[in-house]
Amino acid sequence: MQRALARAGFGSRRSCEELIRDGRVRIGRRVAVLGDRVDPRRDRITVDGVPVSANPSARYVALHKPPGVTTTMGDRHARRTIQEFVPRGPRLFPVGRLDRESEGLLLLTNDGDLAQRLQHPRYGVEKEYLAEVEGTPRPAAVRRLVAGIELDDGPARAVLARVVGTRSGRAAVRVVMVEGRNREVRRMLEAVGHPVTRLVRTRLGPLRLGTLKAGRTRTLTPGEVRELYEATSTPEPRGTRRRRS
């Protein structure tokens, strides 16, 4: 048991033993005890109610998707797909999508449980974008993004919207969403009169793009995987939104 927890990023064997002694670890519905043996591929392990990714075959990869690349592992109609950037090994699947012309953070994994959690709207996992737009949005336009805009497929609302820079008739707008409908951010900004010229996703929940260059990948640390599970451990009440500055 201690080895599985250590592999999942919970510190040294001694630290993991303390978690077990304190009754914070469960195997299924049973409280774990020192000496328990587990099969990470079969047993459901939780710490403080949060699932633990201890399966050695699970893979978690962050990709900086370049523009002009379709978010699919295979499409004969697409000129370029993310398949060309995926490292060799067990097959991975993208968590959510970025439209072809958008770029930025894309999570690839074979952990179906985590992927489902990150995409389910009840968990309210935030997606943060940096949009370059034509013109400079006035405060009233920015407020509309947060208050809600009626699109063809229903109302859309940002958790946060803020102009973070301006230059030569263009502006950079930070937008945080909890939905992920097709081209939603682009359509919202166009609806307030500021078409998007470039869109980059910079964050998925606690996971950030950082300095990862376009077309490059990196393997997530155990701590990052744990944070993603923690971000989806408690569903938010329907209709609530978290705000971050």
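What follows is calculated from the coordinates using simple rules that are stated; it is not laboratory data. Please read all numbers here as calculations on a predicted model, not as lab measurements. In this analysis, Cβ positions are derived from the backbone assuming ideal geometry, glycine residues included, and neighbour counts consider all displayed protein chains.
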Enumerate the calculated ³J(HN,Hα) couplings along the stretch 149-157 in order (Karplus 6.51 cos²θ - 1.76 cosθ + 1.60, θ = phi - 60°), each rounded to whole Hz, writing x wherever the residue is Gly or Pro. 10, 7, 9, 4, 9, x, x, 9, 9
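Stretched out fully, how many nm does the piece from V50 to T202 gain, at 0.36 nm a residue minus the Cα gap? Walk me through the numbers before you get to the answer.
Details: separation 152, 0.36 × 152 = 54.72 nm, distance 2.51 nm.
Full extension from V50 to T202 adds 52.2 nm.
Which of Y129, Y229 comes first, and how do the rest follow, when ranked by fewest Cβ neighbours within 10 Å? If you can, show how the numbers build up before the last one.
Numbers: Y129 25, Y229 21.
The most exposed by this proxy come first: Y229, Y129.
Does the stretch 2-51 classify as rounded, prolate or oblate by the C-alpha gyration tensor (a ≥ b ≥ c root eigenvalues; a/c under 1.5 gives rounded; else a/b over b/c gives prolate, otherwise oblate)?
rounded
List S15, S102 from most exposed to least, where exposure is judged by having the fewest other Cβ atoms within 10 Å.
Listed from fewest to most nearby Cβ atoms, that is S15, S102.
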Taking amide H positions as placed in the peptide plane 1.01 Å from N, state which residues far from T81 in sequence (5 or more) or on other chains have amide H under 5 Å from it. T70
Neighbour count of at most 15 Cβ within 10 Å plus DSSP loop: longest GluC sites (Glu not before Pro)-free window in the chain: 1-100
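I need the calculated FRET efficiency for the pair R37 and S15, taking r as the beta carbon distance and R₀ as 25 Å, to the nearest 0.05. All intermediate terms of the calculation are to be shown ahead of the outcome.
Details: r = 19 Å, r/R0 = 0.77.
Working from the Cβ atoms, E equals 0.85.
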Students often get this wrong, so try it: which of (i) 7, 32, 40, 19, 2, 0; (ii) 7, 29, 37, 20, 7, 1; (iii) 7, 28, 30, 21, 10, 3, 0 is P(r) over Cα pairs in 10 Å bins from 0, in percent as calculated from the structure shown? (iii)
Apply the Karplus parameterisation 6.51 cos²θ - 1.76 cosθ + 1.60, with θ equal to phi minus 60°, to every residue of the stretch 96-107 and state each ³J(HN,Hα) to the nearest whole Hz, in sequence, with x for glycine and proline. x, 9, 10, 5, 4, 7, 7, 9, x, 5, 9, 8
Restricting to DSSP H runs of at least four residues, report the calculated mean residue ellipticity at 222 nm for the chain, -39500 (n - 2.57) per run over all residues, nearest 500 deg cm²/dmol. -5500 deg cm²/dmol
Hey, can you grab everything whose amide H is under 5 Å from the amide H of L151? Only 5+ residues off in sequence or another chain; H modelled, so Pro and N-termini drop out. A156
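Note down the relative contact order for the stretch 2-51 as a percent, whole number, built from C-alpha pairs under 8 angstrom at least six residues apart. Write down the numbers at each step before the final one.
Values: 48 pairs, mean separation 14.8, N = 50.
Rounded, it is 30 percent for the stretch 2-51.
As an exercise, identify the trypsin sites (Lys or Arg not before Pro) in the stretch 1-54 lying in DSSP coil whose Cβ has no more than 10 other Cβ atoms within 10 Å.
On the way: sites: R3, R7, R13, R14, R21, R24, R26, R29, R30, R37, R41, R42, R44; in loops: R24, R29, R37, R41, R42, R44.
Listed in order of number, the matching sites are R29, R37, R41, R42.
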The set of residues whose placed amide H lies less than 5 Å from the amide H of T166, leaving out same-chain residues fewer than 5 positions away, is A172
What distance in nm separates the two pseudo spin-label positions at E134 and E101, each 7 Å out from Cα along the beta-carbon direction? 1.0 nm
Label model pair D153, L212: point-to-point distance (7 angstrom along the Cα→beta-carbon line) in nm is 2.4 nm
Between the stretch 1-30 and the stretch 31-49, the alpha-carbon center distance in angstrom: 8 Å
Distance in Å, no decimals, from the C-alpha centre of the stretch 92-156 to the one of the stretch 55-88 is 18 Å
Burial ordering of S12, S233, S53, S168, fewest other beta-carbon atoms within 10 Å first: S168, S12, S233, S53
From phi via Karplus (6.51, -1.76, 1.60), per-residue ³J(HN,Hα) for the stretch 55-71 in Hz, x at Gly/Pro: 6, x, 8, 6, 10, 9, 10, 9, 10, 8, 6, x, x, x, 10, 7, 7
